[in-house]
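The values are calculated or read from the model by the stated rules, or taken from the named source; none is laboratory data. All values reported here derive from a predicted model rather than from experimental measurement. Neighbour counts run over all protein chains shown; Cβ positions are idealised from the backbone, glycine included. SASA here: full protein model, heavy atoms, side chains in, ligands and nucleic acids out. Shrake-Rupley method; radii C 1.70, N 1.55, O 1.52, S 1.80 Å.
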Amino acid sequence: LHSEEMKEEAAASAWLYSVPWGLRKLLSWVKRRYGNPPLYVTENGWSTPGNELVEAGVADGSRVRFLANYTSELRRAIYEDGVDVRGY
């Protein structure tokens with residue numbers, strides 16, 4: 001699913017939601033506001049309860065969806081919006 005087709009998904013942290021379009025919007029804003037500087041996304045993650053069994057920890061569908069949607073929006077920011085992202 002593309003991020004705009006997904007409802008916001010909540011992580012284990014009460015304050016954390018998956019909103020991948022927000023990353024694209026922020027990167028595009030930085031491009032417009034600051035003249036398209038080189039950008040490096042150095043922190044981006046998804047929390048889990050932390051008390052899962054190993055089997056559940058490696059079958060982490062919510063984290064896979066999180067990363068797939070965020071990297072999809074990152075790609076759109078680069079190729080559709082022309083943002084100079086050099087690292088993720």
Distance in nm between V19 and E43 label points, each 7 Å along Cα→Cβ, equals 1.8 nm
In degrees rounded to 10, the 0-90 angle between helix 61-79 Cα long axis and the longest Cα principal axis of the chain is 10 degrees
Per-pair calculated FRET efficiency, R0 = 25 Å: E9 and V58 via Cβ, rounded to 0.05: 0.85
Can you give the Rg and Dmax of segment 6-47 based on its C-alpha atoms, in angstrom? 12.7, 36
Just to be sure I understand: with springs between alpha-carbon atoms less than 10 Å apart, which residue in W15, W46, W29 has the highest mean-square fluctuation in the Gaussian network model of the chain? W15
Kirkwood Rh, angstrom, the chain [1 / mean 1/r, Cα pairs]: 14.1 Å
If you roll a 1.4 Å probe over the heavy atoms of the protein chains, what accessible area per residue do you get for segment 1-85, in Å²? 69 Å²
Carbon and sulfur: what percent of the chain's accessible surface (1.4 Å probe)? 56 percent
Enter the angle in degrees (range 0 to 90, nearest 10) between the Cα long axis of helix 20-34 and the first principal axis of the Cα atoms of the chain, meaning the one along which they spread out most. 30 degrees
